[in-house]
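To start, the structure under review is shown below, and the notes come after it.
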Amino acid sequence: MTNKHRTFLCWVCLIALAGFASKTLRAADVVTRRDQPNVSGTITAASREGVTLQRRSKEIKIEANTIASISYDDEPPVLRLGRSAERSGNLSVALRRYEETSAALEDPRPLVKTDLEFFLARCRAKLAMTDAAELSRAAELLETFRSSHLTSYHYYPLHDWLGKVYARQGEPAKARTAFEELAGAPWKDLQWRAEVAQGQLLLGEADYAGALEHFQRVLAGNAETLGEKVQQQEALLAKATCLSAQGDYDEAETLLRGLIDDTPAEDAAVQA
């Protein structure tokens, strides 16, 4: 075999390998995680506690509270546009994209269909926080998702939104039931989220002593993850609101100034 033939065969092999690698890279589910590197592979199972991802010969368990989003290899592009719009706060655009996805899907992968149903419910819930006309529809979609997808990795976050919707509807008993389910999550950040939410319900009922008990339980804990630190910030803000409602303005101001000093300037949400 001449050098020319060898060179030609090498190029053919390289092109074939590149095409195979490109196909392999495209045909992957990508899990975007909070405060951790993304991971790709094929999702083979899902539960309330998270998802199982097959990466080559290795199985990776990813806990639900660390999942920011999942991009599936076979999902339609319009679904990605919807997620992007929702992340940027363009909720009406996101809702339209999700509805377009729902109308266009034919024989979808069950995981994609389940995520889409949750996105539609969550988007309605977010809209309902500023538009009371959306409350009933949001509650209906969330309840339907809850009864249909008891093993979804969205199970616990769904109850957070359900509680918020019922609280905004003036249904504190239903809101408490939802937050109690959230408190059953196996992770401290979601347990603390439930504590803050229950305290906020009591704050709205002017039960300041009861509300402070919930906030103090969170503030007394040892925050290790980003999610836990965020919930302690929320508890501190809620405690300051509670103290202010009781007329203890000096202590409330001290708490808020301390939070501002301890929070990076780029953390616009907390600084605001």
- Item | Spin-label zone in the stretch 33-61 - amide nitrogen under 13 Å from a point set 7 Å from the Cα of THR225 along the C-beta vector | 33-37, 49-51
- To the nearest 20 debye, what is the magnitude of the charge dipole of the chain about its Cα centre, counting +1 on the Cβ of each Lys and Arg and -1 on the Cβ of each Asp and Glu? 1640
- Once the dipole of the stretch 146-265 is set up from charges on Cβ (+1 Lys and Arg, -1 Asp and Glu), the residue from the list GLY204, HIS154, GLY247 lying farthest towards its positive end is HIS154
- Run through all the Cα pairs of the stretch 136-226 and give the fraction in each 10 Å bin from 0, expressed as whole percent. 18, 47, 28, 7
- Among SER69, SER102, SER147, which one shows the biggest mean-square fluctuation in a GNM of the chain, springs joining Cα atoms closer than 10 Å? SER147
- Just from its helices, what would the mean residue ellipticity at 222 nm be for the chain, if runs of 4 or more DSSP H residues each count -39500 (n - 2.57) and the sum is divided by every residue, rounded to the nearest 500 deg cm²/dmol? -21000 deg cm²/dmol
- Message: Students often get this wrong, so check it: of LYS61/LYS239; LYS113/LYS239; LYS58/LYS229; LYS126/LYS188, which have C-alpha atoms separated by over 29 Å?
- Response: LYS61/LYS239; LYS113/LYS239; LYS58/LYS229
- With all protein chains in place and a 1.4 Å probe, THR241 shows an accessible area in Å² (nearest 10) of 80
- Message: Starting from 0.36 nm per residue, how many nanometres of slack lie between ARG257 and ARG56 once their C-alpha separation is accounted for?
- Response: 67.3 nm
- Residue separation times 0.36 nm, minus the C-alpha to C-alpha distance between ARG109 and GLU180: what's the value? 22.4 nm
- Message: Per 0.36 nm of contour for each residue apart, how much would the distance between ASP248 and ARG137 grow if the chain were fully extended, relative to their Cα-Cα spacing?
- Response: 36.0 nm
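Scan the chain and note any complete DSSP helix (H) whose C-alpha atoms cover at least 15 Å along its axis and whose Kyte-Doolittle average is 0.5 or more.
Those that pass (Cα extent of 15 Å or more, hydropathy at least 0.5) are 3-26.
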- Item | Probe 1.4 Å, protein heavy atoms only - accessible area per residue of the stretch 191-236 in square angstrom | 47
- Message: Over the stretch 62-217, what is the relative contact order in percent, taking alpha-carbon pairs closer than 8 angstrom and at least six residues apart?
- Response: 14
- Message: Which of rounded, prolate or oblate describes the stretch 173-216 when judged by the alpha-carbon gyration tensor and an a/c cut-off of 1.5?
- Response: oblate
- Size of charge dipole - the stretch 132-223 - debye, nearest 20, with Cβ of Lys, Arg +1 and Asp, Glu -1, no other charges: 140
- Order of exposure, largest accessible area first, which applies to ASP74, ASP189 with probe 1.4 Å: ASP74, ASP189
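Using the Cα centre of the stretch 24-112 as the reference point, and only Cβ charges (+1 on K/R, -1 on D/E), how large is the resulting charge dipole? Debye, rounded to the nearest 20.
340
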- Task: Report the accessible area of THR144, computed with a 1.4 Å probe over the heavy atoms of all protein chains in place, in Å² rounded to the nearest 10.
- Result: 80
- Query: Comparing ALA138, ALA104, ALA194, which has the greatest mean-square fluctuation in the GNM of the chain with Cα pairs linked when under 10 Å apart?
  - Reply: ALA104
- Could you tell me the distance between the Cα centroids of the stretch 180-225 and the stretch 109-155, to the nearest Å? 23
- Note on the structure: From highest to lowest solvent-accessible area (probe 1.4 Å; ligands, DNA and RNA excluded), ILE67, ILE60, ILE260 read ILE260, ILE60, ILE67
- ASP262 accessible area, nearest 10 Å², 1.4 Å probe? 130
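The values are calculated or read from the model by the stated rules, or taken from the named source; none is laboratory data. Note that the structure is predicted; figures quoted are calculated from it, not measured. All Cβ positions, glycine included, derive from the backbone under ideal geometry; neighbour counts span all protein chains shown. When the accessible area is computed, the model is the full protein with side chains, heavy atoms only, and any ligands, DNA or RNA have been set aside. Shrake-Rupley method; radii C 1.70, N 1.55, O 1.52, S 1.80 Å.
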